[in-house]
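Have a look at the structure below, then the notes.
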Amino acid sequence: MPLRPTLLADIQTALGHALIPSLTSVSAANDLYEAYLFGIIIQAARAEGANRVDFRSRTQTNPTVFVFRTSPGYLRSTTQDYGYAELEFHGKPVLEVHLGVRIAGASGVLHECDVCVLLQEEANVCRNSPTTVAPRSARVILSVEAKFYAGDLGLHLGREFLGFLSDTSIDKSFFVVNRTSDSIEKLLSHKGKLWEHNISPPNITDVARLRNAFQTGFKDFKAKY
Amino acid sequence: MALSAGEIDAAYSALAQAAKQYGLEWVVEQVESQIALGRIRTGKVRAKEVPLRGTNDDEVERMSKGRPLKFTLSDNYSTQEKLEILIQALEHAVYGVWLTASAVSTFMKDNIPNLTVVEFLPEGISKKPFTVVDLEIRTKQQAVEHFQAFVRELKEAI
């Protein structure tokens, strides 16, 4: 089929109209993606029978302005009134879901968790400490390394994730990406690590599989505590 | 009839230029990095097919008699494949981001009574803050669908 003479110009114009100017940067795409996965984690907690899910910030419950963190930080930070979710299962320790929190690995080195679920008891220690304290990775029950890419992902991202895993003792750590990545999938499968691909709203089957995997994480948490 | 190599090159250049013009340089960078890497596969290569440098004649002889060995190989993408990679990347950056923003907005709105806005703020000044406004996302839906329709037309023409 020949190319319609104005098609390329039409695409160029349509591209300009379709974009939301504040969401064109790579960092905005990644931050949004982390927030999307935050939602899937909460859906998984509900599916596993969480009897309470509250959205809050340091100062408010159900804030009218919900602020997601876009750069790695500490729970103690008061720079912004960052939002998070509280989850509770009957008779179990309360959990919190955060974006972009620094946690401490076994070596004492700090790592960033794009999305993490940790014990509230640990979060409170870090939030209320007079000095800046990072949560211990052993007190994180689920974490996600989130990658939103337009092109193929470089293998270095898989290697970095393996480095993160080697220094942390999180019960369930996932590498989650919006598209496929043969090399990383091969590497992580070979190493027996948790990963999911094609995680994007229209891919219902893939998203359901991830939600189920998160739900399994909560099931294991309930059994252990 | 499929597009000529010249038409494909022109389409690639036009789309890459448009992407850069609208702040999607990162998309073009990721695509060009993928194209430079090539399509990775594992395959068997007979050593005798590969001229060996820095080996003496005996070694060349020994290698040539060996069985094919497993290597990781990189194949160059064709011009058509390069254009397809760029189109797919633009779809992720436009449609994918819009869908993600829409999902975040809907989820937060459904879960927090009286929510007015979702903000994304850094700790410092290194990153630009942004907000997700439900109305803005919904008003872009038609424009996103137009873009998708034109992209589909281009994919059918390739």
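The values are calculated or read from the model by the stated rules, or taken from the named source; none is laboratory data. Please read these numbers as outputs of a predicted model, since none were measured by experiment. So basically every Cβ, Gly included, is an ideal-geometry build from the backbone, and we count neighbours across all protein chains shown.
If only one of B:144, B:97, B:117, B:151 is facing chain A (nearest Cβ under 7 Å), among the β-branched types (Val, Ile, Thr) and in contact (Cβ under 8 Å) with a residue 60 or more places away in the chain, which one is it?
Going through B:144, B:97, B:117, B:151 in turn, just one is facing chain A (nearest Cβ under 7 Å), among the β-branched types (Val, Ile, Thr) and in contact (Cβ under 8 Å) with a residue 60 or more places away in the chain: B:151.
Looking at (1) out of contact with any helix residue (DSSP H, G or I) (no Cβ under 7 Å at 6 or more places or on another chain); (2) within 14 Å of another protein chain (Cβ to nearest Cβ), which is the only condition residue A:165 fails?
(2)
Which ones in segment A:185-209 are basic (Lys, Arg), part of a helix (DSSP H, G or I) and modelled with pLDDT of 95 or more?
A:209
Residue by residue through segment B:33-75, note down the ones that are surrounded by fewer than 12 Cβ atoms within 10 Å (Cβ to Cβ), in a helix (DSSP H, G or I) and modelled with pLDDT of 85 or more.
Scanning segment B:33-75 gives a single hit, B:36.
Against the definition (of a type in the set (Asp, Glu) and more than 7 Å from every other protein chain (Cβ to nearest Cβ)), how does residue B:91 come out, yes or no?
Considered against the rule, which asks whether it is of a type in the set (Asp, Glu) and more than 7 Å from every other protein chain (Cβ to nearest Cβ), residue B:91 comes out as yes.
Would it be correct to say that residue A:149 is in contact with a His (Cβ under 8 Å, 6 or more places away or on another chain), modelled with pLDDT of 95 or more, under 19 Å from residue A:35 (Cβ atoms) and not in a strand (DSSP E or B)?
When the stated conditions are applied, residue A:149 passes them.
Just the residues that are farther than 18 Å from residue A:192 by Cα and either touching a Ser or Thr at 6+ places or on another chain (Cβ under 6 Å) or not hydrophobic (A, V, I, L, M, F, W, C) (or both), please, taken from segment A:135-169.
A:135, A:136, A:137, A:138, A:139, A:147, A:149, A:151, A:152, A:153, A:154
If you take the residues in segment B:3-20 that are of a type outside the set (D, E, K, R) and at the interface with another protein chain (Cβ under 7 Å from one of its Cβ atoms), which one is surrounded by the fewest Cβ atoms within 10 Å (Cβ to Cβ)?
Going through the qualifying residues, I end up with B:14.
Which residue is nearest to the other protein chains (Cβ to nearest Cβ), if the candidates are limited to segment B:21-48 and must be among the small types (Gly, Ala, Ser) and under 24 Å from residue B:73 (Cβ atoms)?
Here the residue is B:33.
I need the full set of residues from segment A:174-186 which are buried (at least 20 other Cβ atoms within 10 Å of the Cβ) and either over 18 Å from the mean Cα position of the chain (by Cα) or farther than 10 Å from residue A:144 by Cβ (or both), in order please.
A:177, A:178, A:179, A:181, A:184
Could you tell me which of the residues A:22, A:77, A:57, A:71 is among the hydroxyl-bearing types (Ser, Thr, Tyr), within 30 Å of residue A:91 (Cα to Cα) and within 8 Å of chain B (Cβ to nearest Cβ)?
Unique residue meeting the criteria: A:77.
Scan segment B:105-126 for residues that are crowded, with 22+ Cβ neighbours inside 10 Å and closer than 30 Å to residue B:17 by Cβ and jot them down.
The one that is crowded, with 22+ Cβ neighbours inside 10 Å and closer than 30 Å to residue B:17 by Cβ: B:120.
Looking at segment A:187-197, can you tell me whether even one residue there is surrounded by 15 or more Cβ atoms within 10 Å (Cβ to Cβ), away from chain B (no Cβ under 14 Å), among the basic types (Lys, Arg) and closer than 23 Å to residue B:107 by Cβ?
No, every residue in segment A:187-197 fails to be surrounded by 15 or more Cβ atoms within 10 Å (Cβ to Cβ), away from chain B (no Cβ under 14 Å), among the basic types (Lys, Arg) and closer than 23 Å to residue B:107 by Cβ.
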